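Chemist: The structure under discussion is supplied below as structure tokens; questions concerning it will follow.
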Amino acid sequence: MSATEAARAPQRPASLWALYLAFNRLALQGFGGVLAVAQRELVERLGWMTREEFVETLAIAQVLPGPNVVNISLMIGDRYFGLRGAFAALAGMFVLPSVLVLSMAALYGSVSQHPVVGNALRGMGAVSAGLILATGLKLLPAVRSNPMGRAIAALLALATLLAVVWLRLPLPWLVLLLGGLGMAAAWRGLTVGEHTEG
């Protein structure tokens with residue numbers, strides 16, 4: 001392995017405790033959505049995944065039941081430490097954040113009618129949308145190495161946007177129709193690539 005490849009190779013968590021702490025920190029930063037924070041922490045700060053691996057793991061996480069980032073935490077924990085790692089990552093995602101959420105829910109009941117609270121929540125919604133958009137833009141370079149090619153990836157992204165915003169298709173239909181088309185295009189790209197190399 002060359003020095004460049006070694007520099008690009010993902011790191012790995014030092015221990016179960018490091019895995020727990022990383023996902024705990026990730027969950028505590030994720031106000032309004034953890035996905036943007038997950039990409040920054042796992043790819044940029046910790047280096048446990050490349051951008052391409054994050055995109056692939058996210059794609060799998062989205063078709064599994066449950067929250068995407070919880071599915072990602074389980075997959076990463078399992079990748080490095082097996083079942084123990086999956087439980088450590090899951091505990092990091094839930095233990096302390098659950099205590100905080102329950103405390104805040106109790107507090108919210110007493111202040112929910114205050115106009116300042118409503119305005120603050122609306123402001124957080126705008127920030128959440130911005131974080132999700134920023135994450136999507138950061139992950140765009142990973143499309144370059146996608147086997148289906150940039151043009152098809154862009155068409156599928158546009159079709160998904162139209163299906164969600166304009167047609168308001170439910171998620172199961174989106175996954176079946178557009179997800180199926182994406183898988184077929186990627187499979188075709190991989191088979192054509194194999195024949196070209198062979």
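Chemist: Ignoring everything but the protein chains, give the 1.4 Å probe accessible area of Arg40 in square angstrom, nearest 10.
Modeler: Solvent-accessible area, nearest 10 Å²: 90 Å².
Chemist: With unit charges on the beta carbons (Lys and Arg positive, Asp and Glu negative) and the dipole taken about the Cα centre of the chain, which residue among Ala120, Leu131, Val63 sits farthest to the positive side?
Modeler: Farthest along the dipole direction, towards plus: Ala120.
Chemist: Still on this structure, I have one more. How large is the charge dipole for the chain, taken about the Cα centre, if only the Cβ atoms of Lys, Arg (+1) and Asp, Glu (-1) carry charge, to the nearest 20 debye?
Modeler: Values: 14 positive and 9 negative charges, 72 e Å.
That gives a dipole near 340 debye.
Chemist: Still on this structure: Counting only Cα, what are the radius of gyration and maximum Cα-Cα distance Dmax of segment 89-142, in Å?
Modeler: 15.6, 46
Chemist: Around Ile132, with a cut-off of 14 angstrom between Cβ atoms, what is the net charge of the other residues, counting Lys and Arg +1 and Asp and Glu -1?
Modeler: +2
Chemist: When the accessible area of the chain is computed with all protein chains present and a 1.4 Å probe, what percentage of it is carbon and sulfur?
Modeler: Carbon plus sulfur share of accessible area: 70 percent.
Chemist: From zero up to wherever the largest Cα-Cα distance of segment 19-135 sits, split into 10 Å bins and tell me the percent of pairs in each.
Modeler: 13, 40, 31, 13, 2
Chemist: Continuing with the same structure: In square nanometres and to one decimal, what's the mean projected area of the convex hull around the Cα atoms of the chain? Kindly include the intermediate steps, with their values, before the conclusion.
Modeler: On the way: hull surface 56.8 nm².
Dividing the Cα hull surface by four gives the mean projection, 14.2 nm².
Chemist: To the nearest 0.05, what FRET efficiency results for Trp173 and Leu140 with a Förster distance of 30 Å applied to their C-beta separation?
Modeler: The computed FRET efficiency comes out at 0.75.
Chemist: Ok, one more. Calculate, for the chain, the solvent-accessible area per residue in square angstrom, rolling a 1.4 angstrom probe over the heavy atoms of the protein chains.
Modeler: Value for the chain: 65 Å² per residue.
Chemist: Label Leu158 and Glu44 with points 7 Å out from Cα along Cα→Cβ: what is the distance between them in nm?
Modeler: For Leu158 paired with Glu44, the spin-label model returns 2.8 nm.
Chemist: Related question: Considering only protein heavy atoms, what is the solvent-accessible area of Thr50 at a probe of 1.4 Å, reported in Å² to the nearest 10?
Modeler: Thr50 exposes around 40 Å² with every protein chain in place.
Chemist: Next question. Step through the residues of segment 88-105 one at a time and calculate ³J(HN,Hα) from phi using the Karplus curve (6.51 cos²θ - 1.76 cosθ + 1.60, θ = phi - 60°), rounding each to whole Hz and writing x for Gly and Pro.
Modeler: Running phi through 6.51 cos²θ - 1.76 cosθ + 1.60 with θ = phi - 60° gives 5, 5, 5, 4, x, 6, 10, 4, 5, x, 5, 4, 5, 5, 5, 5, 5, 5 Hz.
The values are calculated or read from the model by the stated rules, or taken from the named source; none is laboratory data. Because the structure is predicted, anything quoted here is derived from the model rather than measured. Counting neighbours? That spans all protein chains shown, and the Cβs are built from the backbone with ideal geometry, glycine included. Each accessible area value is taken on the protein alone, full model and side chains, heavy atoms only, with ligands, DNA and RNA left out. Shrake-Rupley method; radii C 1.70, N 1.55, O 1.52, S 1.80 Å.
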